[in-house]
Amino acid sequence: MTSQSTLQSVPALGARPASGFTPSRAEARERLSKATYDLLVIGGGILGISTAWHAAQSGLRVALVDAGDFAGATSSASSKLLHGGLRYLQTGAVKLVAENHFERRAVSRQVAPHLANPLTFYLPVYKGGPHGAAKLGAGVFAYSALSAFGDGVGHLLSPSKAAQDVPELRTDNLKAVAVYGDDQMNDSRMALMTVRAAVESGAVVLNHAEVTGLRFTNGRVTGAELRDRLDGSEFGVSARLVLNATGPWVDHLRRMENPDAAPSIRLSKGAHLVLKRTSPWKAALATPIDKYRITFALPWEDMLLLGTTDEAYEGDPADVAVTEKDIAQILDEAAFSIRDQQLSRDLITYSFAGLRVLPGGPGDTSKAKRETVVTEGRGGMLSVAGGKWTTFRHIGRTVMKKLESLPGRPLGEDFEPISELPKKLPLPGVANPRAVAHRLLVDGPALGPRMAADTARHLATHYGSLAFDIARLANDDPQLAERVHPDAPEIWAQVVYARDNEWAETADDVLRRRTTLTIRGLATDEVRGKVEDLLDKK
């Protein structure tokens, strides 16, 4: 079936079944407005999501709301890495690197092996560069040692061998290549599976619900007033404790609590480019630009991800965007180690920018600590800001320990301390992705129309065992087994699944965060229109 006929067939498909994993928005609003929660988390980025997950595990009644989509801002605009932080070694932060490695390994091996994959990094050492080969060789050895050599032993590689694995690597004046291991992920998918984990633990969640004001009782923050951005309806949520996890907007919400609250953070903008690859890459490049900064070139989602920038940002967080200056900088820095044919602007399919939340203070943002700060405001609202994707579970536990330490046991007597919970509870869908892909291919007739190999791999590495639910949708309605676009692995069953089981409300929710169609440059007007038609059937 051609792409045109596939798209034309979709409007008649995908009526919502009698029950899905997620309640309707009206049902969620009613549940939020009628109960008093132990904890209201405002902000559906990974910090808020992780805290909601851990709080629900602890037996708390948890509500989570976000003005946009889950992971709709910074948490879906990262470099897609789970990493120990090689550059932290030069500042002597050995303990931090070891802790980051512990979290990275826990996520990629026990918590979400279906959503993370190991990635070999090549760090090229050029004549006249900011670091020498001996220093970097020792650095990657120490880095791998702090990971208990779980990704092999960091070492130096010859330029000729590195060029075989990365054909576009510049070899002029290349003295050596340092090798080390980390992991990568699709950040949007990791966040969504964490939301699902929170809901499976009892949390009530709602995206596209904007806080218009806070509720107070005797001067204490005890909830929030909200407006549903999709239909304009207004409602409120009451809670014994409120957590402000709004990322770049954290000070905006703090001023709702206390108009005189002083700024607590500063913002750094990080921009990225996504390009089609001109040849296969078997490793990533991490190229030193100066003593503190590295530019990445990462094979990701069958494409190439370049970045990132690091500069102070003082505008409205909602307006952050990639500029022509950003594009030029990323391409120029990538050209240190990548041949020109891979850096043609014609290969760019997408660009995105996010905002790092850093502790307030002077100095170069590239040298600022990526630390998490938890503060308590005048009205008792807790605010959490900053941190790394790699340590999202650790941050959730840190916030919970802060809640445990509050005087008067405001969380009640039934609260179970975070220290007594399983340390490496897996996310939904946990499975060996290779085994899932194999079963989707071998058992295709039993699970639905026989899948293409790239679709099976895509489903396995983005859903884990939940991929079988999508295969069954395709089996029930074979037209849902058709590709959304001929140049992408996604099928229409994923759109229906996102609508009924993953809180997708808008076309961008589906195309940008629940699938890879936007980043591939394939979210055409026609595709967008058909996705909107399916969403309207909810």
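Here are some notes:
- Selection among Ile330, Ala474, Ser108 by position relative to the dipole of the chain gives Ser108 as farthest towards the positive end (Cβ unit charges, Cα centre).
- Net charge of neighbours whose Cβ lies under 15 Å from the Cβ of Ala431, counting Lys and Arg as +1 and Asp and Glu as -1: +4
- FRET efficiency estimate (nearest 0.05) - Cβ-Cβ, Asp477 to Arg229, R0 41 angstrom: 0.85
- The stretch 82-124 shape via C-alpha gyration tensor axes, a/c threshold 1.5: oblate
- Cα pair count fraction exceeding 34 Å, expressed as % - the chain: 39
- Radius 9 Å from Cβ of Thr212, net charge of other residues (Lys, Arg +1; Asp, Glu -1): -2
- Were the residues from Glu311 through Ala163 laid out at 0.36 nm apart, the gain over their Cα-Cα distance would be 50.1 nm.
- The stretch 433-536: relative contact order as a whole-number percent, Cα under 8 Å and 6+ apart: 20
- Per-pair calculated FRET efficiency, R0 = 25 Å: Asn218 and Ala26 via Cβ, rounded to 0.05: 0.20
- Backbone HN-Hα couplings from phi across the stretch 208-223 [Karplus 6.51/-1.76/1.60, Hz, Gly and Pro as x]: 6, 10, 8, 6, 9, x, 9, 9, 10, 9, 6, x, 9, 6, 10, x
- Most positive-pole-ward Cα, Val166, Phe216, Ala77, against dipole of the chain from beta carbon charges: Val166
- The stretch 18-96: relative contact order in percent, alpha carbon pairs under 8 Å with at least 6 residues between: 26
- At full extension, Leu421 and Gln341 could sit 23.7 nm farther apart than now, given 0.36 nm per residue minus the alpha carbon distance.
- Percent of Cα-Cα distances greater than 22 Å, calculated over the stretch 96-182: 33
- Charge dipole of the stretch 433-536 (Cα centre as origin; +1 on each Lys and Arg Cβ, -1 on each Asp and Glu Cβ, all else neutral): 560 debye, rounded to the nearest 20.
- Note that the chain presents 39 Å² accessible area per residue, ligands and nucleic acids not counted, probe 1.4 Å.
- Local net charge near Lys175, Cβ-Cβ under 13 Å (Lys/Arg +1, Asp/Glu -1): +2
- Rounded to the nearest 20 debye, dipole of the chain from Cβ charges on Lys, Arg, Asp, Glu: 1480
- From its DSSP helices (H runs of at least four residues, each -39,500 (n - 2.57)), the chain gives a residue-normalised ellipticity at 222 nm of -9000 deg cm²/dmol.
- Among the GluC sites (Glu not before Pro) within the stretch 267-363, those in coil by DSSP and having at most 12 neighbouring Cβ atoms inside 10 Å are Glu314.
- Helix runs (DSSP H) in the chain reaching 27 Å along axis by Cα, Kyte-Doolittle at least 1.6: none
- Inter-site label distance for Lys402 and Lys325 at 7 Å from Cα along Cβ, in nm: 3.3
- Once C-alpha pairs closer than 8 Å and six or more residues apart are averaged by separation and normalised to the residue number of the chain, the relative contact order reads 21 percent.
- Modelled spin labels at Lys537 and Ala453, positioned 7 Å past Cα toward Cβ, are 3.2 nm from each other.
- Amide H partners (placed H, <5 Å) of Glu311, local residues excluded: Lys269
- The alpha carbon convex hull volume per residue for the stretch 433-536 rounds to 85 Å³.
- Using the Cβ-Cβ distance between Asn117 and Arg277 with R0 set to 25 Å, the FRET efficiency from 1/(1 + (r/R0)^6) comes to roughly 0.90.
- Ser24, Ser188, ranked by accessible area, largest first (probe 1.4 Å): Ser24, Ser188
- Protein accessible area in the chain, 1.4 Å probe - carbon and sulfur %: 51
- Packing-based ranking, highest mean first, of 127-138, 334-345, 37-48 given that Cβ atoms within 10 Å are counted: 37-48, 334-345, 127-138
The values are calculated or read from the model by the stated rules, or taken from the named source; none is laboratory data. As the structure is a prediction and not an experimental result, all values here were calculated from the model. We place every Cβ from the backbone using ideal geometry, glycine too, and count neighbours over all the protein chains shown. For accessibility, only protein heavy atoms count, side chains too; no ligands or nucleic acids. Shrake-Rupley method; radii C 1.70, N 1.55, O 1.52, S 1.80 Å.
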